[in-house]
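The values are calculated or read from the model by the stated rules, or taken from the named source; none is laboratory data. The structure displayed is predicted, hence computed values, not measured ones. All Cβ positions, glycine included, derive from the backbone under ideal geometry; neighbour counts span all protein chains shown. Accessible surface is based on the protein model in full, side chains and every heavy atom, while ligands, DNA and RNA are left aside. Shrake-Rupley method; radii C 1.70, N 1.55, O 1.52, S 1.80 Å.
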Amino acid sequence: MLQKKARPGFMKFIKTSAKTLIVVEAILFAVSYAGWHRLNTNREFRYYVKENYPSVLEAYYQLGETLGGDKSIRVYDENIWQQEQQAEK
């Protein structure tokens, strides 16, 4: 009886696609981690994000409040930014 075998080109396509997908996922994870790390450690960058992408900063704060349970970063940032605005006037 004849057995059906997958075409070699098809299996090569599947393997290449899987490798490409893994590499793309690794790159996207590295980029998202770098963005999170910068948000987490740089108040000036958080201010930039607040001015240009407020929904991203709100999501960052909400995630931190959900996982950490406190609003200290949000309150600290707002206090510093208010003081800086008052000093400029």
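For the stretch 30-89, what % of the accessible area comes from carbon and sulfur atoms, probe 1.4 Å?
54
Keeping all protein chains in place, calculate the accessible area per residue for the stretch 28-88 (probe 1.4 angstrom), answer in Å².
Heavy-atom SASA per residue in the stretch 28-88 reads 76 Å².
Output the DSSP H helices from the chain with an along-axis C-alpha extent of no less than 18 Å and a mean Kyte-Doolittle hydropathy no less than 0.0.
8-41, 54-68
Going from most exposed to least, what order do GLU88, GLU44 have by accessible area with a 1.4 Å probe?
The ordering from most to least exposed comes out as GLU88, GLU44.
Gain in length, TRP36 to GLU88, computed as 0.36 nm per residue apart minus the alpha-carbon separation, to one decimal in nm?
Length gained between TRP36 and GLU88: 15.8 nm.
Quick one: ranking LEU67, LEU57 by accessible area, 1.4 Å probe, largest first, what do you get?
LEU67, LEU57
When you count, for each residue, the other Cβ atoms within 10 Å and take the mean per peptide, how do 34-43, 20-29 rank with the highest first?
34-43, 20-29
To the nearest 20 Debye, how big is the dipole of the stretch 28-88 about its Cα centre, given +1 on the beta carbon of each Lys and Arg and -1 on that of each Asp and Glu?
200
Just want the answer: with Cβ charges of +1 for Lys and Arg and -1 for Asp and Glu, which residue in ILE73, ASN52, TRP36 is farthest toward the dipole's positive end in the stretch 28-88?
TRP36
Rule-of-thumb check for the chain: C-alpha Rg over 2.2 N^0.38 Å?
Output field value: 1.91.
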